[in-house]
Amino acid sequence: MDRPTEHNEGQTKSKPTDNKISRRDLLRLAGVGGAGLLLGATGVGSLFSGQMRSAAKPASQIPEDKSADIVSFYGKHQAGITTPAQDFIIFAAFDVTAAALGDVRKLFQDWTKAAAAMAKGELLGDSNDNLNLPPSDTGEAEGLSPSRTTITFGVGPSFFDGRYGLAGKRPAPLTDLPAFGGDELREEWSGGDIGVQVNANDMQIAFHALRNLARIARGKAVLRWTQEGFQRTSSSDPSGATPRNLMGFRDGTGNPDVTDEAEMNKVVWASAADGMAWMNGGSYMAVRRIRMRVEVWDRSTLGDQEATFGRHRASGAPLGAVHERDKLDFDQKDEKGKPVIPMNAHVRLAHGDGTVKILRRSYSYSSGIDNKTGQLDAGLLFICYNRDSRKQFIPMQQKLGQSDLLNEYIVHTGSAVFACFPGVSEGGYIGETLF
Amino acid sequence: MKFKVMSFLVACTIVFTGCGSNAVENDKVANESASTNAANETAAADDAWAPILESYRQFTIEQADTFIIETEKFVTAVKDGDVETAKQLYAPTRMYFERIEPIAEAIGDLDPNIDARENDVEDKDWRGFHRIEQGLWEKNSTAGMEEYADRLLEDVKLLRALMETVEVEPSLLVTGAVELLNEVSSSKVTGEEERYSHTDLYDFAANVEGADKIYQLVKGELNKKDAALDEQIGKGFADLEQALAGYKSGDGYVSYLELKEEDTKKLSQLIDALAEPLSQMGTILEA
Ligand code: HEM
């Protein structure tokens, strides 16, 4: 990837800001009494304007070929949905404060431009070396690999409340979620007019992306809540085995195959035929912040743990099988005639008859401790994509919320749903089919 | 303090003590590149700036003059042991200072003498408004405050005198407006400025008024350069002022303690929404 050329050229370095003599020091040096003489006569104002600081950086520090580290922002679908999961996530929900649809459109145009640039690891904006202005890019990702950054945008049910005259464009699958068994939802982790999923193989780069999106949004949208997440990094497991969640189990085994286009069209991608043309090629996202009762889980026996999921912890294989990818056999009975995979095991309930699927793209989270109990606030930032939540995610979670053995160890503390836009091609902007 | 560049130039031009030789060289580079720019391009702009800078100077002087008068009343009440009157005068008096805070800060040591909070400076050096505020609200008394009262008035008068020495420059206006809002964002909206009296919203409003004053002065120039930015800033001020008006009470503002979390969050977000475009105002310094 090429970067803006001025960063490759060596330029004269003049960095007057490095010299830390403040006016206050000067006054001390001169004695306050002399201040008039000193400051009154100099007229430095004209000198002050128009100075440029060069951000000169040797070309060698910039990675030669970044293409392997770039996930293209543009395409038929938004990146970050069927893209293999990166190491980190920052999920953010925004509330729109702009009064007019035109401002919202402008926001998405600006966001699109920024997101496309950040996917390529480019600095944002064109004033990054002007001493008179705050730099247009906040700078913490400068010179770093793009790290497979993807930024995925969606709008929530509240976006269609009539403020922007879009009530009639609300797609039926974007329904408010019903209350599920085991919900202890908190306002501070729920809802949002806009959802933004930022992923990257570097947390600093993900943070940079979100921070700059929030900055661009000032005056038009405000952050409502955010949640960071992680999984084992690709460098700790170069083999790319299924990652483990914080309960120690491989998580993602049963996901549909993202390379199977027909399957994705069935499970993930919305179609104009579903009733809302602007969502053609988009997808519906459900986000659940699910806290694990870590301390309780840690005192349960391995046998109970495996029965809870219906899979072996070490191998990830279904109970009664040997390999992770072995088929789930729900009919298998033990010598006493009891089902090997318990009736209320997580995978049995989630699998159902195998016809209803979702694409999970969850991350672990750790958010310090719960000050009320002194226990860890850690768990799963559950994210899934599906073509119609009413037929996929909702019935699935209804079943799980009622009977899942896992419920003893988890509590859902946050929730949001978003209609994620179709992708755009270069020159277009995210949301163009709606606005 | 955001005046490093300028003071560095001043320091090197006039007082060589304290600048390394390296720094002097940098200064030359900066001088050269800047003066080329200046010669070519800012000549015309200077004409536009002169009346703006003069108006701002006038404004700050007026504020400082009234500040002395009001401080005198406040100080008298303190020395008379009239706790009630002193409490009433405290917050409105400070507003004259809060409107022109960038100037006060540019003058140096005076700002802490007038405005330091407990632990900002060593206890033996702690004086000014907040020391008296603590006496008034914590102890409900003016006992032991007489000396602080006298010194406060002296400091306020010194501030006014030294203001004559500050050269108001375009850059000071531009950064000053943002700094006023940064002040709000980091201490007033969090209720950390007025720990005992909880009159933070007075300071809040005054900082915003001070920033608005600057914006009104440069608005014409800004609009010529970037009309969209001007519009954004104008709307930001309008939104913020409208929200603030909701917390008016009589001639002043409600106590910070009456604000709920969602109130402070909303105000804080409005500040951010305004300060971001305001921070782009530096474009008018470009020729
Ligand atoms: C903290 C909460 C959760 C944990 C720890 C968890 C963990 C797991 C684990 C370990 C598996 C087996 C491996 C795999 O196939 O990926 C699994 C499978 C699955 N989970 Fe969860 N899960 C959680 C919440 C949910 C929720 C809320 C849903 C959807 C409503 C869900 C849907 C599924 C599905 C569809 C499968 C695959 C079933 C199949 O093999 O067909 N999970 N989960």
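Here are some notes:
- For the stretch A:188-197, putting each phi into the Karplus relation 6.51 cos²θ - 1.76 cosθ + 1.60 with θ = phi - 60° gives couplings of 5, 10, 9, x, x, 6, 10, x, 10, 9 Hz, in residue order, rounded to whole numbers and with x for Gly and Pro.
- Surface/4 of the Cα convex hull for the stretch B:170-287, nm²: 7.0
- In plain terms, the residue of A:Leu302, B:Leu217 with the fewest other Cβ atoms within 10 Å comes first and the most crowded comes last, giving A:Leu302, B:Leu217.
- Pairs exceeding a 27 Å alpha-carbon distance, out of A:Lys220/A:Lys372; B:Lys139/B:Lys213; A:Lys169/A:Lys391; A:Lys336/A:Lys357; B:Lys87/B:Lys124; B:Lys87/B:Lys219: A:Lys220/A:Lys372; B:Lys139/B:Lys213; A:Lys336/A:Lys357; B:Lys87/B:Lys219.
- In straight-distance terms, cross-link reach from B:Lys225 covers every one of the aspartates and glutamates whose alpha-carbon lies under 16 Å from its own, apart from those fewer than eight places away in the same chain; here that gives B:Glu41, B:Asp46, B:Asp47, B:Glu286.
- Ranked list, fewest to most other Cβ atoms within 10 Å of each Cβ, for A:Thr83, B:Thr60, A:Thr152: A:Thr83, B:Thr60, A:Thr152
- Annotation: extensible slack from A:Glu408 through A:Asp260 equals 49.8 nm (criterion: 0.36 nm per residue apart, minus Cα-Cα distance).
- Phi angles of the stretch B:198-205 translate, via the Karplus equation with coefficients 6.51, -1.76, 1.60 and θ = phi - 60°, into HN-Hα couplings of 6, 9, 4, 5, 5, 4, 3, 4 Hz per residue; Gly and Pro are given as x.
- Binned Cα-Cα distances of the stretch A:177-266, short to long, each 5 Å bin given as a whole percent: 2, 9, 13, 14, 18, 19, 16, 7, 1
- Over all distinct Cα-Cα pairs of the stretch A:319-435, the Kirkwood formula returns a hydrodynamic radius of 17.7 Å.
- Neighbour-count order for B:Val121, A:Val347, fewest beta carbons within 10 angstrom listed first: B:Val121, A:Val347
- Residue-wise HN-Hα coupling along the stretch B:112-120, computed from phi with Karplus coefficients 6.51, -1.76, 1.60 (Hz; x: Gly, Pro): x, 4, 8, 10, 5, 9, 3, 6, 5
- Cα-based equivalent ellipsoid of the stretch B:51-168: semi-axis lengths in Å, sorted from largest, via gyration tensor: 26, 15, 11
- With a cut-off of 13 Å on the backbone N, the residues of the stretch A:175-201 near the modelled label site 7 Å out from A:Arg163 along Cα-Cβ are A:192-195.
- Approximate spin-label separation A:Ser127-B:Arg57, in nm, with each point projected 7 Å along Cα-to-Cβ: 2.7
Taken together, the values in this text are just the output of simple stated rules run on the coordinates, not laboratory data. Being a predicted model, the structure only gives us computed values, none of them experimental. Quick reminder, even Gly has a Cβ in these numbers, built from the backbone with ideal geometry, and neighbours come from all protein chains shown.
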